[in-house]
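This report concerns only the one structure given below.
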Amino acid sequence: MSEWYYKVTEDPTNLMPLVECLDYFEKEYQDARKEVEIKGPIERNAAKMPGIVEHRFSQLQELEALLVWSENEVKKVKTAAYKKYLENYPRELSSRDAQIYADAEPSVLQMLELQTQIALMRNKFISIGKGLSCKEFQISNIVRLRQAGLDDAAIDY
């Protein structure tokens with residue numbers, strides 16, 4: 001795991017590292033979008049592909065781990081809110097009413113929002129993986145064209 005997973009999970013009550021983590025991954029995503037483009041010599045693009053794919057896939061795995069962590073945190077916060085409403089509410093509530101109140105608790109909604117942001121960032125990195133797969137496919141197509149004798153095959157735009 002990278003340092004971000006440990007920074008975020010070290011103190012679950014402090015959400016600032018998670019916000020910083022999401023900012024970091026947003027910047028990384030913007031950089032990764034540039035890596036999906038095919039520019040320059042095909043050989044250089046092909047040589048860089050394994051390193052790029054490994055780096056972005058490891059970032060995706062870190063986001064997956066953060067998403068699992070956030071799901072567990074949502075469960076903890078929901079359980080605490082549910083228990084509060086079920087045991088300490090001035091009037092007796094049914095378990096369904098306590099569940100509805102717990103789901104609307106601000107701390108639960110805040111954790112759900114953060115979980116959604118992590119899931120969105122994870123989905124962005126999944127799209128980067130798909131883009132890199134397409135890039136690899138196009139590079140292999142150009143290499144095949146060159147093998148067939150079309151040496152002037154290049155991507156210029």
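Just a few scattered comments:
- Checking each residue in segment 33-48 for being open to solvent by less than 80 Å² (accessible area, probe 1.4 Å) and not in a helix (DSSP H, G or I) picks out Glu37, Ile38, Gly40, Pro41.
- Odd one out for Gly51, checked against (1) free of Cβ contacts under 8 Å to residues at least 24 places away in the same chain; (2) open to solvent by 80 Å² or more (accessible area, probe 1.4 Å): (2)
- Unmet requirement for Gln30, which otherwise passes all of (1) assigned to a helix (DSSP H, G or I); (2) in contact (Cβ under 8 Å) with a residue 40 or more places away in the chain: (2)
- Matching option when the condition is touching a Gly at 6+ places or on another chain (Cβ under 7 Å), touching a residue at least 24 places away in the same chain (Cβ under 8 Å), among the aromatic types (Phe, Trp, Tyr) and within 18 Å of Tyr5 (Cβ to Cβ), among Phe125, Phe57: Phe57
- Annotation note: of Tyr5, Tyr29, the sole residue that is at pLDDT below 95, surrounded by 13 or more Cβ atoms within 10 Å (Cβ to Cβ) and closer than 26 Å to Leu132 by Cα is Tyr5.
- Screening the candidates Glu20, Glu92, Glu87 for the property of being surrounded by fewer than 10 Cβ atoms within 10 Å (Cβ to Cβ), part of a helix (DSSP H, G or I) and of a type outside the set (Lys, Arg) yields one hit, Glu87.
- When we screen Leu132, Leu120, Leu109 for residues that are modelled with pLDDT of 90 or more, of a type outside the set (D, E, K, R) and open to solvent by less than 60 Å² (accessible area, probe 1.4 Å), the only hit is Leu132.
- Within segment 46-105, being charged (D, E, K, R) and within 30 Å of Phe25 (Cα to Cα) holds for Lys48, Glu54, Arg56, Glu62, Glu64, Glu71, Glu73, Lys75, Lys76, Lys78, Asp103, Glu105.
- Those residues of segment 68-84 which are in contact (Cβ under 8 Å) with a residue 40 or more places away in the chain and open to solvent by less than 40 Å² (accessible area, probe 1.4 Å), in sequence order: Trp69, Ser70, Glu73, Val74
- Checked against the criteria, Glu92 does not count as acidic (Asp, Glu), farther than 23 Å from Glu10 by Cβ and in contact with a helix residue (DSSP H, G or I) (Cβ under 6 Å, 6 or more places away or on another chain).
- Gly51 vs. criteria among the small types (Gly, Ala, Ser) and not in a helix (DSSP H, G or I): no
The values are calculated or read from the model by the stated rules, or taken from the named source; none is laboratory data. Since we're looking at a predicted model, the values are computed, not measured. Here Cβ is always computed from backbone atoms with ideal geometry, including for glycine, and neighbour counts include all displayed protein chains. Areas reflect the complete protein model, heavy atoms only, side chains present, ligands, DNA and RNA absent. Shrake-Rupley method; radii C 1.70, N 1.55, O 1.52, S 1.80 Å.
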